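Undergrad: Let me give you the structure first, and then I'll get to my questions.
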Amino acid sequence: MNGAKDNFVPIIKVPTDERKLNLCKHFYNEFGCQPEFIVRVPGRVNLIGEHIDYCGYPVLPMALEQDILLAGSLIKEHKLFMRNTNSKYENFETELKSFNEIVISPDANGKPYWYNYMLCGIKGALEHLNNDVLYGLNMYVDGNIPPASGLSSSSALVSSACLAFLYAQKSILNKIDIAGLCARCERYIGTQGGGMDQAIAFLAEKYCAQYITWNPTKATKVVLPEGASFVVAHSLAEVNKAATNDYNRRVAECRLAAKLLTLSLQTTSHTIITLGQVQKLLNKTLEEMIVLVKETLPKDIYTKEEICAILNVSADELDNFYLTPNTRKLSEFKLKQRALHVYEEARRVEEFKKICENTNKCVNGTNGTGSVKEDMNTLERLGKLMSESHESLKNLYECSHENLDRLVDISSQKNIHSRLTGAGWGGCIVALCPREKVKEYIETLEDEFYVNHCNIDKSKAKSYVFATPPNFGAVIYITN
Ligand code: ADP
Ligand code: NG1
Ligand code: MG
């Protein structure tokens, strides 16, 4: 049975391993003392349910072994010192200002500095603490989540800074609350994320994926079929989501689609509602919502003027209530395609979860037929949902990349289903591979994608593709 302590981030004695010892050595050389704690926050791979968290729909991610480690020690001065074991991330230090005074601005090209993500976490913690702080902090970061690749390195960084800062000020939050706080404060970077990455970072458990639902945030374990392995492969295209308006554009298109769909309810309020809320208000099934989208949003493109006219609002009102600073200049929006993806993807998540649960019953002998044949059929059904998800992300949501599509095609020629994972426009695919075929499948990707298609050395190719079991969530390690 879960005890109340399971609701909080575990605080445990640090296990010694080479990576943590190396981090402590860096820390000592820089700050002249040992860290008092090391915070660990994992990256994640989303198995299914892409671009629907911000529409209020459940998602199904699991945590990775790869993580951000942040070593910290308290200092009396109200200052923040940030260091990184990777020399491409420059040193940063600043006075510890009040919540309002922390301004998070990108570089001249609109790309956030690495330490901006840390500042997001600290800004969120300061807001939570009402600026009531005791200590400044020395921080040293070591990360091994491939950055800008859809495996949620950004949220691991934001969350590690927020968790470390709260811990330093002796403030303890339960996992659900800190996940919510981190989701809100990562938005200071500029993207209007839905909360999946921070939720799984804190609520993940070893050996299972989590079905995450919203309002209130809740994680339900999903045991994956025994014969299934999940393989992650990098497309070699990195994309920083806060440096372009692609992500926020999709968020805005979903908001506008939701608003147009609610017109049939004759509402005049300006409150933002999600596609999920529309479904609830209309009391319809996902299938009925799909039909409604086709009837109500027939056009391929809606101009800003058309939307203003339909909603009976001025361009300024549209800018202020529905759009973000980086989407206000857009003049055209795709509403039908985005809404169709969201409702269909939400349906795939439900199906994926149901298949896992039924298989689990079989394996546990409830209906007594946990045969190998049944398992193959299960993997095929789950895989098919993943392939459909990719098709939809590519065609309706338009967030794929030619390298991602190439990886998916090579996989499907080997009868392996896969899909892009995370926000897309680059980053990684996740593939469902029968356990006994993992070695052969990884070899195929190494040869056909990395070596033949991208001209990469076979030895280097190995670092871009890995099989990953579900890992555990955030932890605070104490060092003495
Ligand atoms: P992701 O899909 O990985 O979350 P984002 O575009 O949201 O991608 O965030 C990527 C950014 O996070 C990087 O450009 C970098 O600024 C920051 N980042 C990721 N990992 C690290 C790290 N180990 N150290 C410093 N900054 C990191
Ligand atoms: P990545 O790719 O990790 O930046 C983003 C969002 C998620 C979710 C996915 C798409 C943030 C912090 N994360 O993830 O909330 O919407 O895209 O499913 O904005
Ligand atoms: Mg991110």
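The values are calculated or read from the model by the stated rules, or taken from the named source; none is laboratory data. Please read all numbers here as calculations on a predicted model, not as lab measurements. Cβ atoms come from the backbone with ideal geometry, glycine included; neighbour counts cover every protein chain shown.
Undergrad: Among (1) at pLDDT 95 or above; (2) within 16 Å of ligand 3 (Cβ to nearest atom), which single condition is residue 239 missing?
TA: Condition (1) is where residue 239 drops out.
Undergrad: Would you point out which residue out of 467, 474, 431 is away from ligand 2 (no atom under 16 Å from the Cβ) and more than 30 Å from residue 249 (Cα to Cα)?
TA: Going through 467, 474, 431 in turn, the sole match is 467.
Undergrad: Let me ask you something else. Are any residues in region 236-245 of a type outside the set (Lys, Arg) and either closer than 17 Å to residue 428 by Cβ or within 9 Å of ligand 2 (Cβ to nearest atom) (or both), and if so, which ones?
TA: Result: 236, 237, 238, 239, 240, 242.
Undergrad: Which ones in region 447-480 are farther than 17 Å from residue 143 by Cβ and of a type in the set (Ser, Thr, Tyr)?
TA: Scanning region 447-480 gives 450, 459, 479.
Undergrad: Additional query: State all residues of region 106-117 that are exposed (fewer than 15 other Cβ atoms within 10 Å of the Cβ) and either in contact with a helix residue (DSSP H, G or I) (Cβ under 8 Å, 6 or more places away or on another chain) or charged (D, E, K, R) (or both); if no residue qualifies, say none.
TA: Just the residues of region 106-117 that are exposed (fewer than 15 other Cβ atoms within 10 Å of the Cβ), to begin with: 107-111.
107, 109, 110, 111 - these are the residues of region 106-117 that are exposed (fewer than 15 other Cβ atoms within 10 Å of the Cβ) and either in contact with a helix residue (DSSP H, G or I) (Cβ under 8 Å, 6 or more places away or on another chain) or charged (D, E, K, R) (or both).
Undergrad: Residue by residue through region 109-151, note down the ones that are under 30 Å from residue 62 (Cβ atoms) and among the small types (Gly, Ala, Ser).
TA: Result: 121, 124, 125, 143, 148, 149, 150.
Undergrad: Let me ask something else. Cβ contacts < 7 Å: first residue away from ligand 1 (no atom under 11 Å from the Cβ), restricted to region 125-147; second residue assigned to a strand (DSSP E or B) and of a type in the set (S, T, N, Q), any location; separation 6+ or different chain. Result?
TA: Sorted first by the residue in region 125-147, then by its partner, the pairs are 138/73.
Undergrad: Separate question: Which of (1) within 14 Å of ligand 3 (Cβ to nearest atom); (2) closer than 19 Å to residue 151 by Cβ; (3) not acidic (Asp, Glu) does residue 190 not meet, given it meets every other one?
TA: (2)
Undergrad: Answer yes or no: is there a residue in region 56-77 that is of a type in the set (Val, Ile, Thr), out of contact with any helix residue (DSSP H, G or I) (no Cβ under 6 Å at 6 or more places or on another chain) and over 30 Å from residue 342 (Cα atoms).
TA: At the first step, the residues of region 56-77 found to be of a type in the set (Val, Ile, Thr) are 59, 68, 75.
Filter once more, so that each one left must be out of contact with any helix residue (DSSP H, G or I) (no Cβ under 6 Å at 6 or more places or on another chain): 75.
Of the ones still in play, those that are also over 30 Å from residue 342 (Cα atoms) are 75.
Yes, some residue in region 56-77 is of a type in the set (Val, Ile, Thr), out of contact with any helix residue (DSSP H, G or I) (no Cβ under 6 Å at 6 or more places or on another chain) and over 30 Å from residue 342 (Cα atoms).
Undergrad: Given the residues 90, 95, 77, which is the only one that is within 11 Å of ligand 1 (Cβ to nearest atom) and modelled with pLDDT of 95 or more?
TA: Values: 95 fails: within 11 Å of ligand 1 (Cβ to nearest atom); 77 fails: within 11 Å of ligand 1 (Cβ to nearest atom).
Exactly one of 90, 95, 77 is within 11 Å of ligand 1 (Cβ to nearest atom) and modelled with pLDDT of 95 or more, namely 90.
Matching residues to (1) away from ligand 1 (no atom under 13 Å from the Cβ); (2) at pLDDT below 95; (3) in contact with a Phe, Trp or Tyr (Cβ under 7 Å, 6 or more places away or on another chain); (4) not polar (S, T, N, Q):
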{"position": "180", "(1), (2), (3), (4)": "yes, no, no, yes"}
{"position": "187", "(1), (2), (3), (4)": "no, no, no, yes"}
{"position": "193", "(1), (2), (3), (4)": "no, no, yes, yes"}
{"position": "202", "(1), (2), (3), (4)": "yes, no, no, yes"}
{"position": "205", "(1), (2), (3), (4)": "yes, no, yes, yes"}
{"position": "216", "(1), (2), (3), (4)": "yes, no, no, yes"}
{"position": "228", "(1), (2), (3), (4)": "yes, no, no, yes"}
{"position": "232", "(1), (2), (3), (4)": "no, no, yes, yes"}
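Undergrad: What's the total number of residues in region 13-64 that are at pLDDT 95 or above and either within 13 Å of ligand 2 (Cβ to nearest atom) or of a type in the set (A, V, I, L, M) (or both)?
TA: Selection size over region 13-64: 28.
Undergrad: Now a separate question. Could you grab me the full set of residues in region 163-177 that are part of a helix (DSSP H, G or I) and either closer than 17 Å to residue 89 by Cβ or touching a strand residue (DSSP E or B) at 6+ places or on another chain (Cβ under 9 Å) (or both)? Step through it out loud before you land on a result.
TA: Start the filter on region 163-177 by keeping residues that are part of a helix (DSSP H, G or I), which leaves 163-168, 175-177.
163, 164, 165, 167, 168, 175, 176 - these are the residues of region 163-177 that are part of a helix (DSSP H, G or I) and either closer than 17 Å to residue 89 by Cβ or touching a strand residue (DSSP E or B) at 6+ places or on another chain (Cβ under 9 Å) (or both).
Undergrad: Still on this structure, I have one more. Only residues that are crowded, with 18+ Cβ neighbours inside 10 Å and on the phi > 0 side of the Ramachandran plot: list them for region 4-40, please.
TA: Scanning region 4-40 gives no hits.
Undergrad: I'd like to know if region 145-155 contains one or more residues that are more than 30 Å from residue 358 (Cα to Cα) and more than 16 Å from ligand 3 (Cβ to nearest atom).
TA: No, because not a single residue in region 145-155 is more than 30 Å from residue 358 (Cα to Cα) and more than 16 Å from ligand 3 (Cβ to nearest atom).
Undergrad: Can you name the residue in region 161-186 that is touching a residue at least 60 places away in the same chain (Cβ under 8 Å) and within 12 Å of ligand 2 (Cβ to nearest atom) and is also surrounded by the fewest Cβ atoms within 10 Å (Cβ to Cβ) among such residues?
TA: If we take residues in region 161-186 being touching a residue at least 60 places away in the same chain (Cβ under 8 Å) and within 12 Å of ligand 2 (Cβ to nearest atom), then 184 is surrounded by the fewest Cβ atoms within 10 Å (Cβ to Cβ).
Undergrad: For region 119-146, enumerate the residues that are surrounded by fewer than 23 Cβ atoms within 10 Å (Cβ to Cβ) and within 16 Å of ligand 2 (Cβ to nearest atom).
TA: Those that are surrounded by fewer than 23 Cβ atoms within 10 Å (Cβ to Cβ) and within 16 Å of ligand 2 (Cβ to nearest atom): 143, 144, 145, 146.
Undergrad: I've got another one for you. What number of residues within region 147-160 satisfy the criterion of being more than 11 Å from ligand 2 (Cβ to nearest atom) and under 14 Å from residue 240 (Cβ atoms)?
TA: Count: 0.
Undergrad: While we're looking at this one, here's another question. Search region 59-88 for residues being more than 15 Å from residue 27 (Cβ to Cβ) and surrounded by fewer than 17 Cβ atoms within 10 Å (Cβ to Cβ), and hand back the single one that is farthest from ligand 3 (Cβ to nearest atom).
TA: Applying the filter and picking the extreme gives 76.
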